[in-house]
Amino acid sequence: QVQLLESGGGLVQTGGSLRLSCAASGSIFRPNNMGWYRQAPGKRRELVATITSDLSTNYADSVKGRFTISRDNDRNTVWLQMNSLKPEDTAVYYCNYLRIGINTWGKGTQVTVSS
C-alpha cells in the first residue's frame, strides 16, 4: 500500500504564491507517476501537473508558466510551486501516486485565492 500526506495549502491573495508538498510512504516502486489534481466546488477533478520518476513533466494549459512540479525520488516527495495565483485556482488539491495496478490519492489540501 501507498500513503500520501499533503501539506502547504492555505489562503492567499491574487498574485501570491503557495508551495504544496506531498510525501509518499509505504510500498513505493519505480517507475511511477506522481502528480497534483484539483477539484473546485461543483466541478470535476482535473489534472494540474504530473511528474514521472525520470522527471518528465506534464501541465494543464491553465497553469503553464505559473506552476512548477518537482520531486525527490530519494525522499519520495513531490512539490507544486504555485505562483501568480488567481481566484480560479481555488480548489482542493489532491496528490496522486500512479503505478501499474496502484492508483492512490491523498486526502487533499485546500487552496483559496482571494480577489
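Which translational diffusion coefficient, to the nearest whole µm²/s, is obtained for the chain from the Stokes-Einstein equation, given a Kirkwood hydrodynamic radius over C-alpha pairs, 4 °C and 1.567 mPa s? Present the calculation step by step, with values, prior to reporting the outcome.
Details: Rh = 14.0 Å.
Value of D from the Cα-based Kirkwood radius: 92 µm²/s.
Taking 7 Å steps out from each Cα toward its Cβ at residue 54 and residue 23 produces label points 3.0 nm apart.
Arranged from highest to lowest average of other beta-carbon atoms within 10 Å per residue, in what order do the peptides 7-18, 102-113 appear? Mind dumping the intermediate values first?
On the way: 7-18: 14.2, 102-113: 16.4.
Output ranking for 7-18, 102-113: 102-113, 7-18.
Which shape class, rounded, prolate or oblate, goes with the range 69-110 when its Cα gyration tensor gives a ≥ b ≥ c as root eigenvalues, a/c under 1.5 marks rounded, and past that a/b bigger than b/c marks prolate?
Details: a/c = 2.88, a/b = 1.54, b/c = 1.87.
The shape class here is oblate.
Taking a straight Cα-Cα cut-off under 20 Å and skipping sequence neighbours fewer than 8 places away in the same chain, the lysines within cross-link reach of residue 64 are 86.
Where only protein heavy atoms count, and the probe is 1.4 Å, what is the accessible area per residue for the chain in Å²?
Values: 6300 Å² over 115 residues.
Roughly 55 Å² per residue, with all protein chains present.
Would you work out what percent of the accessible area of the chain, with all protein chains in place, is carbon or sulfur (probe 1.4 Å)? Before the final figure, lay out each step's value.
Numbers: 3020 of 6300 Å².
Result for the chain: 48 percent of the exposed heavy-atom area is carbon or sulfur.
Extending 7 Å from the Cα toward the beta-carbon at both residue 100 and residue 43 defines two label points whose distance is 3.5 nm.
If you count, for each residue, the other Cβ atoms within 10 Å and average over each peptide, how do 74-85, 20-31 line up from highest to lowest? List each step's numbers first, then the result.
Numbers: 74-85: 17.7, 20-31: 14.9.
Taking the mean over residues of other Cβ atoms within 10 Å, the ranking is 74-85, 20-31.
Restricting the trypsin sites (Lys or Arg not before Pro) of the range 24-54 to loop positions (DSSP other than H, G, I, E, B) with no more than 13 neighbouring Cβ atoms within 10 Å leaves 43, 44.
The values are calculated or read from the model by the stated rules, or taken from the named source; none is laboratory data. Bear in mind that the values here come from a model prediction, so they are computed numbers and not experimental data. Cβ: placed from backbone, ideal geometry, glycine included. Neighbour counts: every protein chain shown. Keep in mind that these areas ignore ligands, DNA and RNA; they rest on the heavy atoms of the full protein, side chains included. Shrake-Rupley method; radii C 1.70, N 1.55, O 1.52, S 1.80 Å.
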